[in-house]
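Student: For reference, the structure I am asking about is given below.
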Amino acid sequence: MVFSAYHISETQETQVPAKPNILFIFADDLRADALGYAGNKIIQTPNIDQLAASGIYFKNCYVMGGHHGAICAPSRAMLMSGKSLFHVYDELEGVHTMPQHFAENGYETFGTGKWHNGAGTFEASFQKGKTVMLGGMSDHFKVPVRDLDANHKLGEPVTKGFSTDIFTESALSYLDEYAKGDKAKPFFCYVAYTAPHDPRSPREDYIGKYPEKEIPLPGNYKPVHPFDFGEAQVRDENLAPWPRTPDVIKATLSDYYGLISHLDARIGDLIQSLKEKGLYENTIIVFAADNGLAVGSHGLLGKQSLYEHSMKVPFVITGPGIPKKRSSEALVYLLDIFPTLSQIAGLPKPEAVDGQSLAGVISGKSAGVRESSFTAYRNLVRAVRDKEWKLIRYPDRDYTQLFNLKNDPLELENLAGKPQFKQREENLKKLLAQWQKETGDTVAYTAKTILPMQYEPEKFKRTMDKNQPKYTQEKYWND
């Protein structure tokens, strides 16, 4: 078996069976610290927490960034291709994807939920598909979804709801069908939820599950972001008025946590189904998300920044041969998952990927696969971090932030420009240039035209998108 070198964990005697099943669960706009296992004392996520306890979770997993405000699309393109931000674009046309690789190597592939990378590439990537939502978001109660038809084409959309339920039910239906079949091939089942992406409209029985008055503000809460870096009015930032009051952030977090707990409950149903059908013991389960979210941190609501809350994502892997109750400080990306799963499953190494297999980290043979990580957002922001320090650069504002993440994980004290940290800042500046050269990023450290940082967000006018249901209209738009 190709993966035989990886077979035994430090705490287990179980070998990884040849060709384990894969259940890949992907959340939408879920920040890494909005989960119980990550230390959040408010939210209840027992099923995801149990996944983390039964395997290994990565504390420093990142999406590399985005070319535009809809970070979800490039994030998913990187996940599916194993390529970095500057080597792949949203539509994935002609790109060899992770489910294609598994299908070519003896797997039955099924997908349900959000697909933000073009209908044609879903059809090329999956052998089976049901309840597929093309695009970035929708009203959770009215989701336009399509099924793969007999001609292997996604049909016309029909509206169903609630998003978390319909995607789960489709995955459960697939698992039931698979269990009743001959199981000649292992499965690769991809379940891509749209929760907890806005609208902040939990199913009715999850509204108020977390009383607003009991929810603490983020430790880096601010009423407004302290300066304009070019995305003050990007779509996500329109979801609450400026300045962000404590009441509106607590209300937002209440609904956000409700969406997450509903998601957790349905993930529990997927795990229970595997167990009831005798599939659990031979299934690798991955839980991750496409990007983080500010939800009040640094005066922001969205993911269009390079702060930790927006770029860091949850990543858990568990299953046969995976060590239990482990965590890793390794600096990793979502694009590492493709080569990692390929090695775990004993598949040939995928060609032309930028991601690194984390098999050695998972087995405990190595501490990491890179010494630093790099993130980018449009031409507006660049960032680089090592194990302790982080530099964020705003080229067209000629502004730098320097944070000691070890002492200041909330990124509150900017140390840039202080004489005692001059050498540290210079070293990270060089590291940033090195990353840009290696990835093909051509944005200059300082733009030719420098724009002002001052702005007046209290004068902004908000525009509501068409996907906001009555609940969110009444709660967040009657200002």
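Where a number appears in this text, it was derived from the coordinates with a stated rule and is not lab data. Every value quoted in this text rests on a predicted model; they were computed, and no experiment measured them. A quick note on method: Cβ atoms are made from the backbone with ideal geometry, for glycine too, and the neighbour counts reach across all protein chains shown.
Student: P(r) for the range 201-336: what percent of alpha-carbon pairs falls in each 5 Å bin, starting at zero?
Tutor: 2, 9, 15, 17, 17, 15, 12, 8, 5, 2, 0
Student: Set the bar at 30 Å for Cα to Cα. Now go through Lys128/Lys387; Lys303/Lys461; Lys365/Lys390; Lys312/Lys429 and name every pair that lies beyond it.
Tutor: Lys128/Lys387
Student: Could you give the C-alpha radius of gyration of the range 274-357 expressed as a fraction of 2.2 N^0.38 Å, taking N as the number of residues it contains?
Tutor: Normalised Cα radius of gyration, the range 274-357: 1.35.
Student: Using 0.36 nm per residue of separation minus the Cα-Cα distance, give me the extension gain between Asp269 and Arg378 in nm, one decimal.
Tutor: 35.4 nm
Student: Give me the one-decimal nm value for the distance between modelled label points at Lys437 and Ala179, 7 Å along each residue's Cα-to-Cβ direction.
Tutor: Each label point is offset 7 Å from its Cα along the Cβ direction, giving 5.6 nm.
Student: Okay, next question. Could you list which residues have their amide H under 5 Å from that of Gly296, counting only those 5 or more apart in sequence or on another chain, with H placed in the peptide plane?
Tutor: Leu301
Student: Please give the calculated 222 nm ellipticity per residue for the chain, where each DSSP H segment of at least 4 residues contributes -39500 (n - 2.57) and the sum is spread over every residue; nearest 500 deg cm²/dmol?
Tutor: Helix contribution divided over all residues of the chain: -8000 deg cm²/dmol.
Student: Would you mind checking which residues have amide H under 5 Å from Phe188's amide H? H placed 1.01 Å from N; only 5 or more apart, or other chain.
Tutor: Ile22, Glu108, Thr109, Phe110
Student: Please work out the Cα center distance from the range 258-289 to the range 361-416, rounded to the nearest Å.
Tutor: Measuring centre to centre over Cα atoms gives 32 Å.
Student: Over the range 347-479, what number does the Rg to Rh ratio reach, with both radii from the alpha-carbon atoms and Rh per Kirkwood?
Tutor: Ratio of gyration radius to Kirkwood radius for the range 347-479: 1.09.
Student: Continuing with the same structure: Let me know the Kirkwood hydrodynamic radius for the range 75-125, please, with Cα pairs as the basis and the value in Å to one decimal.
Tutor: 11.1
Student: Compute log10 of I(q)/I(0) for the range 379-448 with the Debye formula, placing one identical point scatterer on every Cα and leaving out solvent, at q = 0.14, 0.15, 0.25 Å⁻¹, to two decimals.
Tutor: Results for the range 379-448 at q = 0.14, 0.15, 0.25 Å⁻¹ read -0.40, -0.46, -1.18.
Student: With viscosity set to 1.567 mPa s at 4 °C, what whole-number translational diffusion coefficient in µm²/s follows for the chain from Stokes-Einstein and a Kirkwood radius over Cα pairs?
Tutor: After rounding, the answer is 57 µm²/s.
Student: Let me ask another. Would you please give the FRET efficiency between Gln454 and Glu204, computed as 1/(1 + (r/R0)^6) with r the Cβ-Cβ distance and R0 = 51 Å, to the nearest 0.05?
Tutor: 0.70
Student: Between the range 41-65 and the range 69-125, how many Å separate their Cα centres?
Tutor: Using only Cα atoms to place each centre, the spacing works out to 23 Å.
Student: Can you pull the Rg over Rh of the range 311-424, Cα-only, Kirkwood?
Tutor: Taking Rg over the Kirkwood Rh, I get 1.05.
Student: Fewest first, what order do Met133, Met78, Met453 take by the number of other Cβ atoms within 10 Å?
Tutor: The fewest-first ordering by Cβ neighbours comes to Met453, Met133, Met78.
Student: Going by how many other Cβ atoms sit within 10 Å of their own, how do Ile215, Ile337 line up, fewest first?
Tutor: Fewest-to-most Cβ neighbours within 10 Å comes out as Ile215, Ile337.
Student: Can you return the aspartates and glutamates within cross-link range of Lys41? Criterion is Cα-Cα under 15 Å, with same-chain partners fewer than 8 residues away left out.
Tutor: Within the straight-line limit of under 15 Å, Lys41 reaches these aspartates and glutamates: Asp33, Asp49, Glu212, Glu214.
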